1. Quote the FRET efficiency, to the nearest 0.05, computed for residue 5 versus residue 113 with a Förster distance R0 of 22 Å and r equal to the Cβ-Cβ distance.
2. Pulled fully out, how much extra length does the chain show between residue 83 and residue 26, if you take 0.36 nm times their separation in residues and subtract their Cα-Cα distance?
3. Efficiency by 1/(1 + (r/R0)^6): what FRET value for residue 50 and residue 125, r their Cβ-Cβ distance, R0 = 25 Å, to the nearest 0.05?
4. Can you give the FRET efficiency to the nearest 0.05 for residue 133 and residue 92, using r as the Cβ-Cβ distance and R₀ = 41 Å?
5. Taking a spot 7 Å from the Cα of residue 141 along the direction of its beta carbon, which residues of the range 1-39 have an amide N less than 15 Å from it?
């Protein structure tokens, strides 16, 4: 089984200059935990996750009198959290996978890197998104590792 077999094709995306409010709206409306950030050519430039949004929501507005070393990295002086853009909070160092990668390998990367999704890249373009939910669904449907073995579960 390969990533292409279970990934979500044509995933929802957002632009780096979009507001965080827009990202929240898209993620809530589409029931997403991760949203790929792409440039005008459709190339992946980052990813924004629920945890990035939670962190941004907790970042207080920064007073210009606060020394630079004590400022939260999300906000510039005088900027309120509601003024943040996707590019201000997205993760730029994104771990990706290929559509023909073995699913077990991609799942292991997700586990080891502690990421909930892997953008799927082909020819420098985003073609899909592999999420924990996709991997779990494949496992539950017996598409990974054969039949379900209740003795294999550690309680």
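1. 0.55
2. 18.8 nm
3. Efficiency, from the Cβ-Cβ distance: 0.50.
4. About 0.95, to the nearest 0.05.
5. Within reach of a label on residue 141: 1-9.
Every number here is computed from the coordinates shown, using simple stated rules; none is lab data. Keep in mind that this is a model prediction, so the values were computed, not measured. Every residue, glycine among them, receives a Cβ derived from its backbone with ideal geometry; neighbour counts consider all protein chains shown.
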